[in-house]
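The values are calculated or read from the model by the stated rules, or taken from the named source; none is laboratory data. No experiment lies behind these values; they were computed from the predicted model shown. Glycine also receives a Cβ, built like all others from the backbone with ideal geometry; neighbour counts cover every protein chain displayed. Please note that ligands, DNA and RNA were not included when accessible areas were found on the heavy atoms of the full protein model with its side chains. Shrake-Rupley method; radii C 1.70, N 1.55, O 1.52, S 1.80 Å.
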Amino acid sequence: MNKQVDQWIDAHKDTLVCALQDIIRFPSVSGAAAPDAPFGKPVREALDYALSLCEGFGFDVCDLDGYMGYADCGEGAETLGVLTHLDVVPAGDGWTHDPYGASIADGRIYGRGTLDDKGPAIAAIFALAAIKSCGLPFTRKVRLMMGCDEECGMGCMKYYIENRPLPDLAFSPDADYPLVNSEKGIFHCSYTKKFPSAIRLNAGTVVNAVPDKATAFVPIPLADVIPLADAFSAKEGFPCTLDSTQGGTSISLAGVGAHASMPEDGQNALLGMLALLSTLPLGDADAAAVQALHNTFRFDRHGETIGIDCTDESGRLTCNPGLMQWDSEGYTICIDIRYPITMDNDLLLAKLDAAIAGARSDTMFKAGHFVPEDSELVQKLLAVYEARSGQYLPPKRIGGGTYARCIGNAVAFGPEIPGGDNRIHMADEFMSVDDLVYHTKMIADAMIALATNNE
């Protein structure tokens, strides 16, 4: 910890808060490409704002064709990367504050991206500005890397790797404290089954989030659906809204959103809807399809029924059916799986193909990631966390995928505080003003430890 740096951050607290509010107001969900905006105009606007902020602090900035922006400060033969992202997942339902309003209530800044990952991005900018302003001598150049497609495939990092050298070591404030040095592998795929169908179903916004809502239409009179839906809701705890519509009944079912890597924090509305539909008197083909899907997934969070549940030192497999579209021609269901690093990919595919009806497509594997605990990076960051928090904690292992896995010699470091009310990918995501200042100081501590000779 550096007293002068801490004082600079405290003195700029109001400006820090306003900067986070400003960037939250860009609804930077990755979308259709536009000129100079490969991930859509709102993401482009968030990037422009961040780069302008960096330029105002005197950093050397670069716009990498709208895929990513970076800002450099200091000098040295090696580069320390600080990896953040400016894109966010869709807001979803259930907010009591405007997800892009950046309102402050009870000392909390509310908005999509406050924790994941605009808050840490703004904190990193101000942390580096504090170090620069206080004149600490650099031993490594620091590069703030701000991506624009972390949530939807990391196309930003792929573009960076094709066009710029990787930093020698890096950390990403996009997970947990004290740090994460082990990330499970990530697997996505879709299954499509074509057949004439009389039902409709929609659930989810992105595959890497637990769906918090599912809607469906069934060709069954409302009076026949009500008692079955009431019984289901009473048993399983999913609130359900029914409306009579032409030719049948529309159903809206509420769950609880969460990050796909932590399905235990949510309540999957898609799985709830399949379970409810399995109790209704549907036509033969629809009934068979619904029952098969319900029997395959049930309310499992680890692929138990499919037979893929396994655990190793990197953690336990999680399975999240995150997206589904069902129309007159059949259905497509999209699945997110976080798998232990020792999992056999061919075995995983064989088990899924045997269990799920339909043609598989969009198959994607991202290998897991591990940095040894005795490395300079891990040891110095653990010491930084202990000094600032007053608590020693061992490294963590997660199912989430951060930019760290793209670099090699990189780990995730914050911002989720152990035991805190962390609402990443959930409604009413927030960061308290005090925590924003805390994270800024913690990131500054990390930069000082890894890139200056003023530890």
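For the range 214-266, state the average projected area of the convex hull of the C-alpha atoms over all orientations, rounded to one decimal in nm².
Projected area, direction-averaged: 4.0 nm².
Over the chain, calculate the relative contact order: mean separation of alpha carbon pairs under 8 Å at least 6 apart, over the residue count, as a percent.
It comes to 24 percent, rounded to a whole number.
Using θ = phi - 60° and the Karplus curve 6.51 cos²θ - 1.76 cosθ + 1.60, what whole-Hz ³J(HN,Hα) does each residue of the range 406-417 get, with Gly and Pro shown as x?
Going residue by residue, I get 7, 9, x, 7, 8, 9, 9, 9, x, x, 6, 7 Hz, with x marking Gly and Pro.
Pull out the extension gain between Leu222 and Ser52, defined as 0.36 nm times the separation in residues minus the alpha carbon to alpha carbon distance; nm, one decimal.
Gain on extension, Leu222 to Ser52, equals 55.6 nm.
Report His188's accessible area, 1.4 Å probe, all protein chains in place, as a number in Å² to the nearest 10.
That residue has around 40 Å² of solvent-accessible surface.
Nothing charged except the Cβ atoms of Lys and Arg (+1) and of Asp and Glu (-1): what's the magnitude of the dipole of the range 328-455 about its Cα centre? Round to the nearest 20 debye.
For the range 328-455, the charge dipole is close to 180 debye.
If you take the beta carbon distance between Asp60 and Asp374 as r and set R0 to 45 Å, what does 1/(1 + (r/R0)^6) give as a FRET efficiency, to the nearest 0.05?
So, using R0 = 45 Å, E works out to roughly 0.85.
I need the shape label for the range 1-121. Rule: rounded when a/c is under 1.5, else prolate if a/b > b/c, else oblate, with a, b, c from the alpha carbon gyration tensor.
oblate
Under the rule a/c < 1.5 gives rounded, and otherwise a/b versus b/c splits prolate from oblate, where does the range 382-455 land using the Cα gyration tensor?
Oblate shape, in that a/c is at least 1.5 and b/c is the bigger or equal ratio.
Round to the nearest 0.05 the FRET efficiency obtained for Asp98 and Asp14 when R0 = 22 Å and r is the Cβ-Cβ distance.
Efficiency at R0 = 22 Å is approximately 0.55.
Placing unit charges on C-beta atoms (Lys and Arg positive, Asp and Glu negative, everything else neutral), compute the dipole magnitude of the chain about its Cα centre in debye, rounded to 20.
Dipole size: approximately 240 debye.
Keeping all protein chains in place, calculate the accessible area per residue for the chain (probe 1.4 angstrom), answer in Å².
38
Counting only the backbone N, which residues of the range 337-369 are under 14 Å from the spot 7 Å out from the Cα of Lys158 toward its beta-carbon?
Output list for this probe position: 362-367.
Starting from the Cα of Ala287, step 7 Å toward the Cβ, then list every residue of the range 205-239 with an amide N under 14 Å from that point.
Only 219-220 pass the distance filter.
Sort the range 1-66 into rounded, prolate or oblate with this rule: let a ≥ b ≥ c be the square roots of the eigenvalues of the Cα gyration tensor; rounded if a/c is under 1.5, and if a/c is not under 1.5, prolate when a/b is larger than b/c, oblate otherwise.
prolate
I need the GluC sites (Glu not before Pro) found in the range 289-346, filtered to DSSP loop residues with at most 12 other beta carbons within 10 Å of theirs.
Answer in residue order: Glu313, Glu329.
Any chance you could look up the accessible area of Asp428 with a 1.4 Å probe, heavy atoms only, rounded to 10 Å²?
Ignoring ligands and nucleic acids, Asp428 comes out at about 20 Å².
Of Lys235/Lys366; Lys193/Lys366; Lys141/Lys441; Lys13/Lys380; Lys158/Lys351; Lys184/Lys235, which pairs sit farther than 28 Å apart, going by alpha carbon to alpha carbon?
Lys235/Lys366; Lys158/Lys351; Lys184/Lys235
Would you calculate, for the chain, the mean residue ellipticity at 222 nm contributed by helices, counting each DSSP H stretch of 4 or more residues as -39,500 (n - 2.57) and dividing by all residues, to the nearest 500?
-10000 deg cm²/dmol
Once the Cβ-Cβ distance between Asn295 and Gln4 is put in as r, and R0 is 51 Å, what FRET efficiency do you end up with, to the nearest 0.05?
For Asn295 and Gln4, the calculated efficiency is 0.20.
Using the charge dipole of the range 100-163 (Lys, Arg: +1 at Cβ; Asp, Glu: -1 at Cβ; taken about the Cα centre), state which of Met145, Ala102, Leu115 has its Cα farthest towards the positive end.
Met145
Share of Cα-Cα pairs in the chain beyond 27 Å, in percent?
55
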